[in-house]
Amino acid sequence: KAGVTQTPRYLIKTRGQQVTLSCSPISGHRSVSWYQQTPGQGLQFLFEYFSETQRNKGNFPGRFSGRQFSNSRSEMNVSTLELGDSALYLCASSLESNVNEQFFGPGTRLTVL
Amino acid sequence: GQQVMQIPQYQHVQEGEDFTTYCNSSTTLSNIQWYKQRPGGHPVFLIQLVKSGEVKKQKRLTFQFGEAKKNSSLHITATQTTDVGTYFCAGPGQAGTALIFGKGTTLSVSS
């Protein structure tokens, strides 16, 4: 079975721009979660999508948004980028729930200049 | 709010020495999970513990879940250079909305 894939792997943007990241979960997995990983804050939960609906949301500003398509693929968008948004953005999928075993993708390394 | 804390933050050992990382939650957890992230990699699931006092072993790794289901430990016997990485514990948030991750223990091993 193919693992979780994320594109692009690396991205450089400037402040004020917006960015869209993509994630394809493991086939058959319906729950897709997004995490932000930084050296200072560690792994922080952004949101979870299940059956094309946002089921749970972390404590991030509205600049961070996402969606899920009927094939379970998910995208997250960050608008009006800030320097502090520089991070590794990880997508994780699971069969049904985001509090059970998570299968992480390789991540997208976003640098905001 | 609910917190999951890990100590130590960093640990350096000589190859062959043992290593332990500790995880403490501010609230009772329904389960605790452990992940390993190699340098430059992504977190990979190691194990999930569910029962109070549960102990599970995977080769040289021993995982424990405390009796009160608020703490856990990961012990590695006779470390090898392949054990290098950051070990995270994670537990479900109180509302069951997401996993809350500890900040991890980064293990380095010199041969």
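Data overview
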{"item": "From A:SER65, A:SER94, residue being buried (at least 19 other Cβ atoms within 10 Å of the Cβ), under 25 Å from B:GLN2 (Cβ atoms) and not aromatic (Phe, Trp, Tyr)", "result": "A:SER94"}
{"item": "The stretch B:8-28, subset assigned to a loop (DSSP other than H, G, I, E, B) and more than 14 Å from the chain's Cα centre (by Cα), residue nearest to B:THR82 (Cα to Cα)", "result": "B:GLU15"}
{"item": "Index of the failed condition, B:LEU99 passing every other in (1) at pLDDT 95 or above; (2) open to solvent by less than 10 Å² (accessible area, probe 1.4 Å)", "result": "(1)"}
{"item": "Residues satisfying the stated conditions in the stretch B:91-111, i.e. more than 7 Å from every other protein chain (Cβ to nearest Cβ) and part of a strand (DSSP E or B)", "result": "B:GLY91, B:ILE100, B:THR105, B:THR106, B:LEU107, B:SER108, B:VAL109, B:SER110"}
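Results for (1) out of contact with any strand residue (DSSP E or B) (no Cβ under 7 Å at 6 or more places or on another chain); (2) exposed (fewer than 14 other Cβ atoms within 10 Å of the Cβ); (3) not hydroxyl-bearing (Ser, Thr, Tyr), shown as yes or no for each residue.
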| site | (1), (2), (3) |
| --- | --- |
| B:GLN14 | no, yes, yes |
| B:TYR22 | no, no, no |
| B:SER30 | no, yes, no |
| B:TRP34 | no, no, yes |
| B:PRO39 | no, yes, yes |
| B:PRO43 | no, no, yes |
| B:LEU46 | no, no, yes |
| B:LEU49 | no, no, yes |
| B:LYS57 | yes, yes, yes |
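The values are calculated or read from the model by the stated rules, or taken from the named source; none is laboratory data. Predicted model only: the values in this text are computed from it and were never measured. For neighbour counting, all protein chains shown are included, and Cβ atoms are generated from backbone atoms with ideal geometry for every residue, glycine included. To get the accessible areas, we keep the full protein, side chains included, count just its heavy atoms, and leave off ligands, DNA and RNA. Shrake-Rupley method; radii C 1.70, N 1.55, O 1.52, S 1.80 Å.
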